[in-house]
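Here is the structure we will look at, set down as structure tokens.
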Amino acid sequence: MVWEVRGDVLVTLVAGRSSGSSPGQRFCMSEGETIDSGHRNSLWSRALLLVLAISIQACGAESSATWTTSSPVRPSLFEPGVISTEMREYGITFSPDAREAYFTRRARGGQAQIFVSYFREGLWSEPVRWLFSGVHDEAPHVSSDGASMVFVSRRPMPESGDRSDNIWISERTEAGWGIPTPLSGAVNRPRLDQEDFGSGMEMGPSMLPDGSILFWSRADPDWGADIYRSQVGPDGTYGHPTALTLNSTGDESNAVLVPGGNFLIFQAYRDATAPGNQDLYVSRRNSFGWDAAVHLPAPFNSAFNDGYPSFSPDGSTFFFASDRRGASGYYDIWYVDASSLNLDALTR
């Protein structure tokens, strides 16, 4: 809404959405409508106009996105045809106000890139490539305060030129997202190939409220992929990663801390009796780390690939990627009411 005061008349220059207001209620004006206080050149008139102006601006700016208030009790496609399409989509994350959705999209035969969609007037906009996404970028994660976004990229490292999967970070200011830089410290390592095994690929980052980071990597050919945590120091650099106690001889990846901090959900291939290939698991926090992981039941896991877990900013909605409706590896983004997971009872 754009408006100006002409004398004692408040004139709207850009139309707002009316909510069927009646006299005495707060309302948005349409283009060309005016409010005349009837008391020209009076201080009361100008004060009233100021109050109305603030109310009009509020009409176009809800405090949080309304889509977070109603999620399905069984997994459903998230925004089919807009965010979930015939391409590969996975790894969704949101701004703190739930009005910006960042996710990975990969066209058939193409490179992974980060896309963004905006929630406006009750609808998600057509996604566009994020300003700083290049040839191969994926797995974005926005911090809980919205000040940082980490993601995986194969862009060349500034000093070594290494083009393996490394973790990069972009900081957000009032001017918008800043130019990404490699995560500083001991997390990123150059790729090292040993016969049939390659190390030095850092994937699936997620930021914790204290600023530390979770990610997965392959450091030992006998153990497969594992989840690591790296703590951030006072100077902003990340320390030597430590492996989580929940790791097994299988593959663990793409971990996310459940809002509240008592549970960790991750993707894994670790149980030959599980119905799918990649599946979702949950672990409860204990005094020494994490309890033994529990396989999420159907309908969250399926006979197909399920992974890339995440949550809405308020923790009310659980998101994951699955190829249950298409060809293997062609993920869509699914969502469900987080309370349907029943994590407390599941991990007792």
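Select from segment 119-138 the residues that are aliphatic (A, V, I, L, M) and part of a loop (DSSP other than H, G, I, E, B) and list them in ascending order.
Leu131, Val135
Against the condition farther than 24 Å from Ser95 by Cα and of a type in the set (Ser, Thr, Tyr), how does Ser316 come out, does it pass?
Considered against the rule, which asks whether it is farther than 24 Å from Ser95 by Cα and of a type in the set (Ser, Thr, Tyr), Ser316 comes out as no.
Six or more apart or on different chains, Cβ under 6 Å: which pairs go from a residue in segment 242-257 that's more than 18 Å from Phe288 (Cβ to Cβ) to one that's at pLDDT below 90? Could you list them?
These pairs meet every condition: Thr249/Trp223; Gly250/Gly224; Gly250/Arg270; Asp251/Gly224.
Let me confirm something: among Ser217, Ser206, which residue is part of a strand (DSSP E or B), modelled with pLDDT of 95 or more and within 17 Å of His141 (Cβ to Cβ)?
Step by step, each of Ser217, Ser206 is checked, and only Ser206 is part of a strand (DSSP E or B), modelled with pLDDT of 95 or more and within 17 Å of His141 (Cβ to Cβ).
Looking at segment 92-100, is at least one residue modelled with pLDDT under 95 and either of a type outside the set (Phe, Trp, Tyr) or surrounded by fewer than 15 Cβ atoms within 10 Å (Cβ to Cβ) (or both)?
No, every residue in segment 92-100 fails to be modelled with pLDDT under 95 and either of a type outside the set (Phe, Trp, Tyr) or surrounded by fewer than 15 Cβ atoms within 10 Å (Cβ to Cβ) (or both).
Please go through segment 115-141 and give me each residue that is closer than 21 Å to Met201 by Cα, without any contact (Cβ under 8 Å) to a residue 60 or more places away in the chain and within 11 Å of the chain's Cα centre (by Cα), ordered by number.
The answer is Pro140, and nothing else.
Residue by residue, here is whether (1) modelled with pLDDT of 90 or more; (2) touching a strand residue (DSSP E or B) at 6+ places or on another chain (Cβ under 7 Å); (3) loosely packed, with under 14 Cβ neighbours inside 10 Å; (4) closer than 22 Å to Asp97 by Cα holds:
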| position | (1), (2), (3), (4) |
| --- | --- |
| Gly161 | no, no, yes, no |
| Ile169 | yes, yes, no, yes |
| Glu174 | yes, no, yes, yes |
| Trp177 | yes, yes, no, yes |
| Pro182 | yes, yes, no, no |
| Val187 | yes, yes, no, no |
| Glu195 | no, no, yes, no |
| Ser199 | no, yes, no, no |
| Glu202 | yes, yes, no, no |
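May I ask you to list the residues in segment 161-192 that are in a strand (DSSP E or B) and either small (Gly, Ala, Ser) or not assigned by TED's automatic domain parsing to the domain that holds Met149 (or both)?
Selection gives Ser170, Gly176, Gly185.
Residues Phe311, Phe288: which one is aromatic (Phe, Trp, Tyr), touching a helix residue (DSSP H, G or I) at 6+ places or on another chain (Cβ under 9 Å) and free of Cβ contacts under 8 Å to residues at least 60 places away in the same chain?
Phe311 is the lone residue from the list that is aromatic (Phe, Trp, Tyr), touching a helix residue (DSSP H, G or I) at 6+ places or on another chain (Cβ under 9 Å) and free of Cβ contacts under 8 Å to residues at least 60 places away in the same chain.
Specify which of the listed residues (Phe132, Phe103) is among the aromatic types (Phe, Trp, Tyr) and either farther than 28 Å from Asn342 by Cα or modelled with pLDDT under 95 (or both).
Exactly one of Phe132, Phe103 is among the aromatic types (Phe, Trp, Tyr) and either farther than 28 Å from Asn342 by Cα or modelled with pLDDT under 95 (or both), namely Phe132.
Of all residues in segment 252-294, how many are over 23 Å from the mean Cα position of the chain (by Cα) and not hydroxyl-bearing (Ser, Thr, Tyr)?
Total meeting the criteria: 15.
Residues that are at pLDDT 95 or above, among the small types (Gly, Ala, Ser) and surrounded by fewer than 21 Cβ atoms within 10 Å (Cβ to Cβ): does segment 269-282 have at least one?
There is no residue in segment 269-282 that is at pLDDT 95 or above, among the small types (Gly, Ala, Ser) and surrounded by fewer than 21 Cβ atoms within 10 Å (Cβ to Cβ).
Inside segment 101-115, can you point out the residues that are surrounded by fewer than 20 Cβ atoms within 10 Å (Cβ to Cβ) and not in a loop (DSSP other than H, G, I, E, B)?
Arg106, Gln113
Given the options Phe300, Phe266, name the one that is crowded, with 16+ Cβ neighbours inside 10 Å, closer than 22 Å to Ser70 by Cα and modelled with pLDDT of 95 or more.
Among Phe300, Phe266, only Phe300 is crowded, with 16+ Cβ neighbours inside 10 Å, closer than 22 Å to Ser70 by Cα and modelled with pLDDT of 95 or more.
The values are calculated or read from the model by the stated rules, or taken from the named source; none is laboratory data. None of the values given here were measured: they were computed from a predicted structure. In this analysis, Cβ positions are derived from the backbone assuming ideal geometry, glycine residues included, and neighbour counts consider all displayed protein chains.
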